[in-house]
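The values are calculated or read from the model by the stated rules, or taken from the named source; none is laboratory data. None of the values given here were measured: they were computed from a predicted structure. Cβ placement follows ideal geometry from the backbone for every residue including glycine, while neighbour counts extend to all protein chains displayed.
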Amino acid sequence: MKRLLILPLVAGMVVAGCSNKNVTVKSSGLDISNLDTTVSCGTDFYQYACGGWMKKNPLKPEYARYGSFDQLRENNQNQIKELIEELGKTTHEYGSVAQKVGDMYLMGLDSVRLNEESVAPIVDDLKVITSLNDKAGYTRMIARMQKMGTSPFFAFFVGADDKNSSQNIVNLYQAGMSMGDRDYYLLNDSTNVKIRDAYKKYINKLFILAGYAPEQAAKAEDAVMKTETALAKVAFSREQLRDPQNNYNKMPFSQLEKMTAAIDWNAFLQEMGIDSLVEINPMQLPFIKGMNDVIAKMTSEEMQYYLAFKLLNAASSYLSDDFVAAEFDFYGKTLSGKQEQQPRWKRALETTSSALSEAVGKMYVSKYFPPEAKERMVNLVKNLQVSLGQHIDSLEWMSDVTKAKAKEKLSTIYIKIGYPDKWRDYSNLKIDKKDSYWTNVCRAGEFEYNYMLDKIGKPVDKTEWLMSPQTVNAYYNPSTNEICFPAGILQPPFFYLDADDAVNYGAIGVVIGHEMTHGFDDQGRQFDKDGNLKDWWTPEDAEQFNLRADKLAEQYSSIIVLDTVHANGRFTLGENIADHGGLRVAYTAFKNATAGQELPLIDGFTPDQRFYLAYAALWATNIRNEEILRLTKIDPHSLSKWRVNAALKNIDTFFSAFDITENDPMYLAPEDRVIIW
């Protein structure tokens, strides 16, 4: 539910005027072999900057998309694997973190046991579901399944109140559609029809594997599709989900009870372990009302089949190989175009790292994150803050009143780097290899869920991390006005302790600037310095912002990503604004940091050229057509190619760095360029 951003990166190299003069001064952190010099930088800068990398790194069968981000993630996986396997060489006291981490990983590797157990770990829950015949019963199961990690009908979560950001509140979020996006259920083009047909076969397959008779599996298939399609019809679109005001509907809990009479909320809260609720925020209110109508019209049999499928779908990755294969055939092959399942050790590692995220993170940080990296990042962030402040000051279209409030918000951004100051306590999480893998996964899920529920009615803890330290990622959270850069991303090729400034500012500097700019994108700008959803803009300034944002959205919507499919510039607007802001702010910070210095050519590349190639290298990626279509539908980020080519067409200093003129395809006339921050 948080606005998190994945930022892939790779090391690359630039040529002065698109020609290599081979003048080596020092190592820059960039790799000239990542270039494709058969393509002019003015024709297709993405191909020019990343083509060599793409040729060297063809798609592996286990990937639908493979980029420099995945390279770093694989490196992290290998590092964590070594740490965990080292634990396995020693017997650890039962209940210790080492025992929990080591046993969780080993259970994921034990294919013999998993195949012997087959569906047995979930049989008891399936029997309970089959016996449900009243509102209280199925409501309790809905609550139990929330803790298992699946969300029938809706997601129930605790987070900062958008209009009272110092306090936590319970929220409801639309859910229940296991294909993920409503368009998969509603659009009737050939691609979506094909996906729906494959989904129906997947539903049927899970029930057959679970021991249901063919006629029962057929009924289950119909019931699940009927229910999820009905939910899709009342669901918010991707664009509607991006409107903070439309997604804020705080009300007394008693009012929600009246409008959703198909749910026994007393039974739900009892199962959750919640004594009472005073207020709640049903974020997508029309969906919540429509969902109630869907539930009210369901027969007991339809409810049983729907909940059974939600359980089977959630558990399939942790059961026998036939369940894992069925899940991969749909989500991996059909939706994403992957050819092979990831090796078992990677899947076991991912589960372990998720279940005991900060425990694994503490191990990771102690070995792989040097203190000097955190120190340098602190300085970089400060430099980017100064730069963004300069950009705010220079805006001709913004009034002094709004500028003052923008700079106040900028100055109060809460910064997290590397790892949390206080680590989570996992002593109450039981991991026991005498029980099934799925049972332990559920325990870990319930442990996290109870940790979240404990926040109800309490002040927001701004020191809490929403990502584990080992994650190759970064985020901005508008409700706490914070930016976070985990240790996992703060290493080559994202970040170098001793590399050329042009490279670090073009790479991690743009990542920092991107996250800061999220506080001022079309969503983030609606939150004030304290994280409250509050209008601090003058009407005239808001209008000027929207004029520019609309123009940027139109630019990206004109892009054809595959065949006749266009990008969705409105859906990706926030990320595109952040890309543009990150580039501009990081470039200014780079110039500020190196003012008065004589910066040399390195391998024939000017400092400005190295900056922009380092940025392009962030997005070096190979991707399958199926994944292009899937991400265009569900991902609020533009595809990698367009995060380079479309973004740079609006940056004046990019054109001057590479002598790009109106005769080049990369050129965009000055009057058509968009500058927001």
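Within segment 416-437, can one find any residue that is out of contact with any helix residue (DSSP H, G or I) (no Cβ under 9 Å at 6 or more places or on another chain) and among the hydroxyl-bearing types (Ser, Thr, Tyr)? Among the residues of segment 416-437, not one is out of contact with any helix residue (DSSP H, G or I) (no Cβ under 9 Å at 6 or more places or on another chain) and among the hydroxyl-bearing types (Ser, Thr, Tyr), which makes the answer no. When segment 413-460 is filtered for residues that are of a type in the set (S, T, N, Q) and either surrounded by 16 or more Cβ atoms within 10 Å (Cβ to Cβ) or in a loop (DSSP other than H, G, I, E, B) (or both), the ones remaining, listed by number, are 427, 428, 436, 439, 440. Quick check on segment 478-486. Is at least one of its residues under 30 Å from residue 527 (Cα atoms), assigned to a helix (DSSP H, G or I) and in contact with a strand residue (DSSP E or B) (Cβ under 8 Å, 6 or more places away or on another chain)? Looking through segment 478-486, none of the residues is under 30 Å from residue 527 (Cα atoms), assigned to a helix (DSSP H, G or I) and in contact with a strand residue (DSSP E or B) (Cβ under 8 Å, 6 or more places away or on another chain). Do we find a residue being of a type in the set (A, V, I, L, M, F, W, C), surrounded by fewer than 18 Cβ atoms within 10 Å (Cβ to Cβ), at pLDDT 95 or above and under 29 Å from residue 501 (Cβ atoms) anywhere in segment 366-388? Looking for residues that are of a type in the set (A, V, I, L, M, F, W, C), surrounded by fewer than 18 Cβ atoms within 10 Å (Cβ to Cβ), at pLDDT 95 or above and under 29 Å from residue 501 (Cβ atoms), one finds at least one in segment 366-388, hence yes. Pairs meeting the criteria (first residue in segment 610-627 and within 12 Å of residue 46 (Cβ to Cβ), second residue among the β-branched types (Val, Ile, Thr), beta carbons under 6 Å, at least 6 apart or on different chains) are 613/14; 615/510; 616/644; 617/10; 619/644; 620/10. Of the residues making up segment 453-476, none is outside the structural domain of residue 145 (by TED's automatic domain parsing), modelled with pLDDT of 95 or more, in contact with a helix residue (DSSP H, G or I) (Cβ under 7 Å, 6 or more places away or on another chain) and on the phi > 0 side of the Ramachandran plot. Considering each residue of segment 120-141 in turn, none proves to be within 30 Å of residue 345 (Cβ to Cβ), in contact with a strand residue (DSSP E or B) (Cβ under 6 Å, 6 or more places away or on another chain) and assigned to a helix (DSSP H, G or I).
One line per residue, one yes/no per condition, for (1) charged (D, E, K, R); (2) closer than 27 Å to residue 315 by Cα:
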| site | (1), (2) |
| --- | --- |
| 167 | no, no |
| 187 | no, no |
| 191 | no, no |
| 202 | no, yes |
| 209 | no, yes |
| 219 | yes, yes |
| 241 | no, no |
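Of the helices (runs of 4 or more DSSP H) lying entirely inside segment 311-412, those carrying at least 1 residues that are out of contact with any Phe, Trp or Tyr (no Cβ under 7 Å at 6 or more places or on another chain) and over 30 Å from residue 149 (Cα atoms) are 357-368, 371-394, 400-411. Evaluating residue 188 against the criteria (1) within 24 Å of residue 140 (Cα to Cα); (2) part of a loop (DSSP other than H, G, I, E, B) leaves one unmet condition, (1). Among the residues examined, residue 300 does not qualify as at pLDDT below 95, over 30 Å from residue 573 (Cα atoms) and outside the structural domain of residue 525 (by TED's automatic domain parsing). For the residues 655, 605, the requirement of being free of Cβ contacts under 8 Å to residues at least 60 places away in the same chain, buried (at least 19 other Cβ atoms within 10 Å of the Cβ) and over 30 Å from residue 184 (Cα atoms) singles out 655.
Scanning segment 252-265 for residues that are polar (S, T, N, Q) and either touching a helix residue (DSSP H, G or I) at 6+ places or on another chain (Cβ under 7 Å) or touching a residue at least 24 places away in the same chain (Cβ under 8 Å) (or both) yields a single hit, 260.
Looking only at segment 620-675, residues that are within 24 Å of the chain's Cα centre (by Cα), under 25 Å from residue 389 (Cα atoms) and of a type in the set (Val, Ile, Thr) come to 1 in all.
Scanning segment 94-119 for residues that are in contact (Cβ under 8 Å) with a residue 60 or more places away in the chain, in a helix (DSSP H, G or I) and among the β-branched types (Val, Ile, Thr) gives 97, 101. Do you know which residues across segment 293-310 are assigned to a helix (DSSP H, G or I) and surrounded by fewer than 18 Cβ atoms within 10 Å (Cβ to Cβ)? Answer for segment 293-310, where residues must be assigned to a helix (DSSP H, G or I) and surrounded by fewer than 18 Cβ atoms within 10 Å (Cβ to Cβ): 293, 296, 297, 300, 301. Pairing each residue of segment 538-563 that is within 13 Å of residue 522 (Cβ to Cβ) with any residue that is of a type in the set (D, E, K, R) and assigned to a helix (DSSP H, G or I), provided the two are 6+ apart or on different chains, yields C-beta distances under 9 Å for 542/525; 545/525; 551/672.
Here is a yes/no grid of residues against (1) basic (Lys, Arg); (2) closer than 21 Å to residue 575 by Cβ; (3) in contact (Cβ under 8 Å) with a residue 24 or more places away in the chain; (4) outside the structural domain of residue 407 (by TED's automatic domain parsing):
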{"residue": "491", "(1), (2), (3), (4)": "no, no, yes, no"}
{"residue": "494", "(1), (2), (3), (4)": "no, yes, yes, no"}
{"residue": "500", "(1), (2), (3), (4)": "no, no, yes, no"}
{"residue": "503", "(1), (2), (3), (4)": "no, no, yes, no"}
{"residue": "507", "(1), (2), (3), (4)": "no, yes, yes, no"}
{"residue": "517", "(1), (2), (3), (4)": "no, yes, yes, no"}
{"residue": "525", "(1), (2), (3), (4)": "yes, yes, no, no"}
{"residue": "534", "(1), (2), (3), (4)": "yes, no, yes, no"}
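Pairs needed: first member in segment 173-202, not assigned by TED's automatic domain parsing to the domain that holds residue 313; second member anywhere, in a helix (DSSP H, G or I) and at pLDDT 95 or above; C-beta distance under 8 Å; at least 6 residues apart or different chains. The qualifying pairs do not exist here. In segment 461-510, of all residues being under 20 Å from the mean Cα position of the chain (by Cα) and acidic (Asp, Glu), the one that is surrounded by the fewest Cβ atoms within 10 Å (Cβ to Cβ) corresponds to 464.
Scoring residue 154 on the criteria (1) buried (at least 16 other Cβ atoms within 10 Å of the Cβ); (2) among the aromatic types (Phe, Trp, Tyr); (3) out of contact with any Pro (no Cβ under 9 Å at 6 or more places or on another chain) leaves a single failure, condition (3). Checking every residue in segment 394-401 against the condition of being buried (at least 20 other Cβ atoms within 10 Å of the Cβ) and of a type in the set (Phe, Trp, Tyr) gives zero matches.
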